[in-house]
Amino acid sequence: MSQSISIPTLAEMIQEGKKPEVLFWVGCAGSFDDRAKKITKAFVKLLHQASVSFAVLGTEESCTGDPAKRSGNEFLFQMQAMANIEVLNGYEVQKIVTTCPHCFNTLKNEYPSLGGNYEVVHHTQFLKGLLEEGRLKVEGGQFKGKRITFHDPCYLGRANNEYEAPRSLLYKLEAEIVEMKNCKQRGLCCGAGGAQMFKEPEKGNKDINIERTEQALDKKPNIIATGCPFCNTMMTDGIKNKEKEASVQVMDVAELIAQAKDI
Amino acid sequence: MTLLPNLIFAILFFTGIAVFAKNVKKIIRNIRLGISENRSDQSPLRLKQMLRVALGQSKMVSRPIAGALHIVVYIGFIIINIELLEIIVDGFLGTHRVFAPFLGTFYNVLIASFEILALLVIVAVFFFWTRRNIIKIKRFFNPEMKGWPKTDANLILYIEVVLMSLFLTMNASDFWLQTKEVSNYSLAGSFPVSQFITPLFDGLSVVSVIAIERTTWWLHILGILFFLNYLYYSKHLHIILAFPNTYFANLQSKGQLSNLDAVTAEVKLMMDPSVDPYANSPEDQEIVKFGACDVVDLSWIQLLNAYTCTECGRCTSECPANQTGKVLSPRKIMMDTRDRLEEVGKNIDTNKGSFVPDGKQLLNDYITQEELWACTSCNACVEACPIGIDPLSIIIDMRRYLVMEQSSAPSELNNMMSNIENNGAPWPFSPMDRLNWKNEL
Ligand code: SF4
Ligand code: SF4
């Protein structure tokens, strides 16, 4: 079935006189990072299953500017933002879904005052909507008896107050959902935010992702679920560091739903 | 009857208030050194936020023990201040318990509840003191908590106990005099707590007990005037500033950073060749500094934040960088900002109203670059602060200065940024490969 999924760009769609229901903003990690690309693919499979008409920007997409902004480079951020807004407004984009909480936050909160006004949703929110509308069905089955703990991405949780959407999807898996000592509003960062992903950490006595991985492992999970490609990298590194790859998987919520549906 | 005590009272009272007013003016002047930022929108929502967070203490209870103790002290503090009203009127008029005849039994209820609260405050303060000095809770022992901040925190606890004890002793001696039917001490009030102190006075002469009653009365009011003026030098300023601070606190999503308008103007200019770069004559163009290297580059909200900080360290204890041994502590960011602002303020005072450069600034002299670069912008500190302080915004403004004015970001970040500039992604991948994953489906 995989061959049948077509990934049209917005340019192609518009040329055919069609307008997608939603634009999928893939993000830099989702486009280039090997691990994150798997999340991208899982998500488009779900979109396809639910018969969502979507498009991507493809080569017209460019970094939202989040890591530049959080490093203090407001110039570079605004240049990126304005270039992206020009593209998005050119296509009269109204609704955007993204698998990256950083893209989500930036597009949703920081683009409007520069002229980019869109309805922006995180993929867990979008999937939740599909389930509620009955366009997507999930049967837990294969996750029965598994323990899953959810790591809240800072830019989905604290930054935008979304704690429930990813959890509501996980509950569908009929697994045992266990909460870490620090969760939701008090969730501990994975260590990647604020452009830390791209540099070595400052001197300290531990890396942040190790601390967070330890908190997760305290709950003896089979799966650490998250909703951010950067959190995914950090937690995966943490699990490797603890030599637990054999027993603990780090998975995006979208991947888990796709796996539950055997796609 | 001599008027001397009334006169002395009036002089002390007005001096106390005048000194306090002078300090308040100074604080307002210093906060106004910050750049303007409009936070006058959505007043109903702001009012609600203030009532909920400052008056209602909604965020204190996320730590149940500290929260409960704090609420006791806080309610005690507010309610007992009603008693203060009577003390002030008595002081001016030379009366004694002037409200008693008007309020009747309600007066008894009031005094009784003050007493119970006073006792509860003493108990709560005991626990607070234990947490700081015996259990030594970690967040009270970060490096920035040495010296005055540590002394200050304990001093406040001692002052509270002294004030409450004076209040109870005053009532106890009054009650003793009332039962002895000494003239001027007519039966008024009900004393559920201090009645247990009263027997201690048995065997003393009426004159001595009157002396005790008067002394504690005076010390109590003097103590309160002292406390009022102590606030300025203390983290205890939050009992006042928590209100404006929560009122003016950010209402947007925490993830939203401001977009610098000055940058927007320049970027538009760069992107649109039709705009005449010389449209504005050079005279009207102030040289704008991007980001912040000193307190005057921060907004007045950030400076208000700095004066409001209670040094509780909830932010620091939630900070992932701090938890893993990095030098960054969001509480220190706030304390440094306040200390530097105070220094700038004193400089202005000694130089007759204008700031004379002192060769120092907030960046490097107070806050190091190592601290700034350790932040993950996770917002844990902002979420944790019980009174709406935003240390992250200061960190970002200072990073902006480092990057846009000094080009001194860590080299890996410079690489990341040049990647974005050249290929539209933080990694060195070609933009043409963006959709390659499509072929792997
Ligand atoms: S935003 Fe920065 S300073 Fe605040 S808690 Fe997170 S890492 Fe620490
Ligand atoms: S910023 Fe807020 S949480 Fe941090 S020490 Fe100050 S008052 Fe406490």
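Inspect all residues belonging to the range A:113-128 and state whether any of them is in a loop (DSSP other than H, G, I, E, B), touching a Pro at 6+ places or on another chain (Cβ under 9 Å) and away from chain B (no Cβ under 14 Å). Working first, answer last.
Going through the range A:113-128, the residues in a loop (DSSP other than H, G, I, E, B) turn out to be A:115-118.
Add one more test, that the residue is touching a Pro at 6+ places or on another chain (Cβ under 9 Å), and what stays is A:118.
Next, from what is left, pick out any that are away from chain B (no Cβ under 14 Å): A:118.
There is at least one residue in the range A:113-128 that is in a loop (DSSP other than H, G, I, E, B), touching a Pro at 6+ places or on another chain (Cβ under 9 Å) and away from chain B (no Cβ under 14 Å).
Residues that are within 30 Å of B:Ile396 (Cα to Cα) and of a type outside the set (Gly, Ala, Ser): find the helices (runs of 4 or more DSSP H) completely inside the range A:1-105 holding 1 or more of those.
Values: elements: A:10-15, A:27-32, A:34-49, A:66-71, A:74-90, A:101-105.
The helices (runs of 4 or more DSSP H) meeting that bar are A:27-32, A:34-49, A:66-71, A:74-90, A:101-105.
Before we move on, is B:Glu383 within 16 Å of ligand 2 (Cβ to nearest atom), at pLDDT 95 or above, acidic (Asp, Glu) and within 19 Å of B:His238 (Cβ to Cβ)?
Working: within 16 Å of ligand 2 (Cβ to nearest atom): yes; at pLDDT 95 or above: yes; acidic (Asp, Glu): yes; within 19 Å of B:His238 (Cβ to Cβ): yes.
Here the answer is yes, as B:Glu383 does meet what is asked.
Please go through the range B:342-376 and give me each residue that is without any contact (Cβ under 8 Å) to a residue 40 or more places away in the chain and either among the hydroxyl-bearing types (Ser, Thr, Tyr) or within 16 Å of ligand 2 (Cβ to nearest atom) (or both), ordered by number.
B:Thr350, B:Ser354, B:Tyr366, B:Ile367
Checking B:Tyr401 against (1) hydroxyl-bearing (Ser, Thr, Tyr); (2) within 16 Å of ligand 1 (Cβ to nearest atom); (3) buried (at least 22 other Cβ atoms within 10 Å of the Cβ); (4) within 19 Å of B:Asp294 (Cα to Cα), which test does it fail?
(2)
Which condition breaks for A:Glu162 when tested against (1) more than 16 Å from ligand 1 (Cβ to nearest atom); (2) within 11 Å of chain B (Cβ to nearest Cβ); (3) part of a helix (DSSP H, G or I)?
A:Glu162 satisfies all of (1) more than 16 Å from ligand 1 (Cβ to nearest atom); (2) within 11 Å of chain B (Cβ to nearest Cβ); (3) part of a helix (DSSP H, G or I) except (3).
Would you mind finding the one in B:Ile389, B:Ile394 that is among the β-branched types (Val, Ile, Thr), in contact (Cβ under 8 Å) with a residue 40 or more places away in the chain, over 17 Å from A:Glu74 (Cβ atoms) and within 16 Å of ligand 2 (Cβ to nearest atom)? I'd like the intermediate steps shown before the answer.
On the way: B:Ile394 fails: over 17 Å from A:Glu74 (Cβ atoms).
None of the other options fit; the residue is B:Ile389.
List every residue pair whose Cβ atoms lie under 7 Å apart, where the two residues are 6 or more positions apart in sequence or sit on different chains, the first residue falls within the range A:241-258 and is under 15 Å from A:Ser168 (Cα atoms), and the second residue, located anywhere, is in a loop (DSSP other than H, G, I, E, B) and aliphatic (A, V, I, L, M).
Note: pairs meeting the criteria are A:Leu256/A:Leu173; A:Ile257/A:Val138.
Can we say B:Pro428 is more than 9 Å from chain A (Cβ to nearest Cβ), touching a residue at least 40 places away in the same chain (Cβ under 8 Å) and in a loop (DSSP other than H, G, I, E, B)?
Numbers: more than 9 Å from chain A (Cβ to nearest Cβ): yes; touching a residue at least 40 places away in the same chain (Cβ under 8 Å): no; in a loop (DSSP other than H, G, I, E, B): yes.
It is false that B:Pro428 is more than 9 Å from chain A (Cβ to nearest Cβ), touching a residue at least 40 places away in the same chain (Cβ under 8 Å) and in a loop (DSSP other than H, G, I, E, B).
Taking the range A:107-149 as the search range and keeping residues that are crowded, with 21+ Cβ neighbours inside 10 Å and among the basic types (Lys, Arg), which one is farthest from A:Glu74 (Cα to Cα)?
Across the range A:107-149, the extreme among qualifying residues is A:Lys128.
Determine whether the range A:57-76 contains at least one residue that is of a type outside the set (Asp, Glu), more than 9 Å from every other protein chain (Cβ to nearest Cβ), in contact (Cβ under 8 Å) with a residue 40 or more places away in the chain and in contact with a Pro (Cβ under 8 Å, 6 or more places away or on another chain). I'd like the intermediate steps shown before the answer.
To start, the set of residues in the range A:57-76 that are of a type outside the set (Asp, Glu) comprises A:57-59, A:62-65, A:67-73, A:75-76.
Imposing the further condition that a residue be more than 9 Å from every other protein chain (Cβ to nearest Cβ) reduces the set to A:64.
Next, only the ones that are in contact (Cβ under 8 Å) with a residue 40 or more places away in the chain stay: A:64.
Keeping just the survivors that are in contact with a Pro (Cβ under 8 Å, 6 or more places away or on another chain) gives none.
For the range A:57-76, residues of a type outside the set (Asp, Glu), more than 9 Å from every other protein chain (Cβ to nearest Cβ), in contact (Cβ under 8 Å) with a residue 40 or more places away in the chain and in contact with a Pro (Cβ under 8 Å, 6 or more places away or on another chain): absent.
If we scan the range A:178-189, do we find a residue that is touching a residue at least 60 places away in the same chain (Cβ under 8 Å), surrounded by 21 or more Cβ atoms within 10 Å (Cβ to Cβ), not aliphatic (A, V, I, L, M) and not in a helix (DSSP H, G or I)? Talk me through it step by step, then tell me what you get.
First, the residues of the range A:178-189 that are touching a residue at least 60 places away in the same chain (Cβ under 8 Å): none.
No, every residue in the range A:178-189 fails to be touching a residue at least 60 places away in the same chain (Cβ under 8 Å), surrounded by 21 or more Cβ atoms within 10 Å (Cβ to Cβ), not aliphatic (A, V, I, L, M) and not in a helix (DSSP H, G or I).
Matching residues to (1) in contact with a strand residue (DSSP E or B) (Cβ under 6 Å, 6 or more places away or on another chain); (2) within 22 Å of A:Tyr118 (Cα to Cα); (3) among the aliphatic types (A, V, I, L, M):
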site	(1), (2), (3)
A:Ala29	no, yes, yes
A:Lys37	no, no, no
A:Lys41	no, no, no
A:Lys45	no, no, no
A:Cys63	no, yes, no
A:Leu76	no, yes, yes
A:Met82	no, yes, yes
A:Gly90	no, yes, no
A:Val97	yes, yes, yes
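B:Lys346 passes all but one of (1) over 30 Å from B:Lys326 (Cα atoms); (2) within 14 Å of chain A (Cβ to nearest Cβ); which number fails?
Condition not satisfied by B:Lys346: (2).
The values are calculated or read from the model by the stated rules, or taken from the named source; none is laboratory data. Because the structure is a prediction, the values reported are computed rather than measured. A quick note on method: Cβ atoms are made from the backbone with ideal geometry, for glycine too, and the neighbour counts reach across all protein chains shown.
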